[in-house]
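The values are calculated or read from the model by the stated rules, or taken from the named source; none is laboratory data. Since we're looking at a predicted model, the values are computed, not measured. Neighbour counts are summed over all protein chains in view; Cβ atoms, including those assigned to glycine, are modelled from backbone coordinates with ideal geometry. Areas reflect the complete protein model, heavy atoms only, side chains present, ligands, DNA and RNA absent. Shrake-Rupley method; radii C 1.70, N 1.55, O 1.52, S 1.80 Å.
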Amino acid sequence: MTELFIRNGAVFDPTRGIDGDVMDVAIRDGRIVESVGSSAKVIDATGKTVMAGGVDVHSHVAGPKVNAGRTMRPEDKLFKSPMASGGNRMEMGFSIPSTFKTGYDYARMGYAFVMEAAMPPLHSPHVHEEIHDTPIIDEGALPVFGNNWFVLEYLKRKEIENAAAYTAWLLKASKGYGIKVVNPGGTEAWGWGLNCLTLDDEVPYFQITPKEIISGLIQTNEYLGLPHSIHIHQNDLGNPGNYRTTIDSLRLAEGVRANNRFGREQVMHSTHLQFHAYGGDSWATFESRAREVVNYVNHQKNITFDLGCVTLDETTTMTADGPFEHHLNGLNHLKWTNVDVELETAAGVVPYVYDPKIKVCGIQWAIGLELALLCEDMNRCFITTDHPNAGPFTRYPRIYSWLMSQKYRQATLDSFKHSAKVTAATEIASLDRELTLYEIAQMTRSGPAQALGLGDFYGGLAPGMDGNVVVYNLDPNELPSNPEQLEAAFQRASWFIKTGDIVVKDGEIMSHGNKRTLWVRAKTPENPQVRRDIHDKFLKDYTVGLDNYEVRDYLAPNPYVIEVDMEA
Ligand SMILES: [Zn+2]
């Protein structure tokens, strides 16, 4: 029996409305408890900030496109990285870090869970191998559904029960967590050299529109009662004027009620909204429409979103939005990879430099922050960079600092070559809101945990929850006025305890923890038609046999399986 006692810290736990109260946190056998015995190991958190382990709702950290990025960009390894020491492994890479660096860096920042945001089901064994290879942090992965041939055919015929039976089968086969949708219809249209830029652009051959795909998948998700809602990367990503399409697709959630036993309230999670809140009709007239988009979300309570903040770094973009990567390559003429994944999806990889000397990059930076600063409910707005698309996840502490300090935002804005033009095209200079530690905890702990249906385990410090506790060297009564100091404190936690194990002390890795993989097993009524469809398509169209498709148990050796029974 191991016991830990974190004494006298300023605790921020939005799940219980605790806002900086000086309290103790006790852990026994990996869980938070009311109290522990006198022999417990004591960690003194006096004058420090205590939060639950962070939860990242959207990040690309494992799988074929991440690996394609690593192969394609050897220069990414030239960024300075710590060498191996003690029992720890060498760390490499900046925007596409090695699996070890990924696990270590999340742990140093005090994160307990990350969702791999786009798993091509055909390559899910590889995704799980990399997840298993990534130390400390718990992970799940979202298989992509929005361009899958089975899904397109079932939804075209409005066969929600069949779509649900197939979804349940695919989640089990891929050990997946929920329904990811990337550029619904557009990635499949890309197979014909086309795209779906509005909700009514029909997918060739399948004769279904993005609108029908999104609505059908929302219905499928709620029919099954999955822990997470659909998780959508909307159509027309990254283009001037796309905010209209964004709001059109958010509207598809109107009037739909969440159906699940996990406490999840949203029926749609809209991801990296920064890339979808653009005004103007060209790059010359490019401007922020963050206010229009957030105003809609503020009033539409069954939607959650994450930011996708631009961090002004050199990075590597990667997405299942194949046509977008082709488009991006046409803009920056750097390297480009594009892959087609049989009946399921596609993906592309393109390096990108968010250069503060470029007006558009400055506007993108502002939009990501504006979305948060204009949001009224921080439990529905989560901090991400769509790692590595808008910047690496290791910049989260810098984003906290921008959100917490108007002065720091202004200093960054002033450093831009085109600061006047960025100011004119956005509202960032006039927003004086400064987020609090409590709000940061909502955006990185309680909010994402609840949206993922994991609110019973992650994102809070109530007795019974997982013993994931981070201590930051930050006195909430005397926050450093220097943003670099604030950032450094969040970058390297004083202590991070992961399910009762001390994994970080003074920013150094102490243990590889007991990492686990979360996936969802949904029980549906026996469906002979879907079983036959799967059998036939594997014979006819796939290059692999059905027997070789499912992820073997040994690839996810420490699973945490969430059972869903729609009949119960
Ligand atoms: Zn993404």
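Worth a mention:
- In the range 254-269, the condition of being touching a residue at least 24 places away in the same chain (Cβ under 8 Å), among the small types (Gly, Ala, Ser), within 22 Å of Ile367 (Cβ to Cβ) and open to solvent by less than 40 Å² (accessible area, probe 1.4 Å) is met by no residue.
- Residues that are crowded, with 24+ Cβ neighbours inside 10 Å, of a type in the set (Asp, Glu) and under 20 Å from the mean Cα position of the chain (by Cα) are absent from the range 430-439.
- Any chance Thr46 is buried (at least 24 other Cβ atoms within 10 Å of the Cβ) and not aliphatic (A, V, I, L, M): no
- Among the conditions (1) more than 22 Å from Ala52 (Cα to Cα); (2) open to solvent by 40 Å² or more (accessible area, probe 1.4 Å); (3) of a type in the set (S, T, N, Q), the only one that Gln491 does not satisfy is (1).
- Within the range 50-72, the residues that satisfy the criterion of being under 21 Å from Phe113 (Cα atoms) and within 15 Å of the ligand (Cβ to nearest atom) are Asp56, Val57, His58, Ser59, His60, Val61, Ala62, Gly63, Pro64, Lys65, Val66.
- Qualifying residue in the range 294-307 (condition: more than 26 Å from Tyr223 (Cβ to Cβ), at pLDDT 95 or above and assigned to a loop (DSSP other than H, G, I, E, B)): yes
- When we screen Glu376, Glu342, Glu314 for residues that are closer than 23 Å to Gly146 by Cα and surrounded by fewer than 22 Cβ atoms within 10 Å (Cβ to Cβ), the only hit is Glu342.
- Within the range 544-558, the set of residues being open to solvent by less than 60 Å² (accessible area, probe 1.4 Å) and touching a Ser or Thr at 6+ places or on another chain (Cβ under 8 Å) comprises Val551, Ala556.
- Of all residues in the range 287-322 being of a type in the set (S, T, N, Q) and touching a Phe, Trp or Tyr at 6+ places or on another chain (Cβ under 9 Å), the one that is nearest to the ligand (Cβ to nearest atom): Thr317
- Residue in the range 408-428 that is nearest to Gln485 (Cα to Cα), counting only those that are among the hydrophobic types (A, V, I, L, M, F, W, C) and in contact with a Leu (Cβ under 7 Å, 6 or more places away or on another chain): Ile428
- Among the residues of the range 1-34, those identified as buried (at least 20 other Cβ atoms within 10 Å of the Cβ), in a strand (DSSP E or B) and touching a helix residue (DSSP H, G or I) at 6+ places or on another chain (Cβ under 8 Å) are Ala10, Phe12, Asp13.
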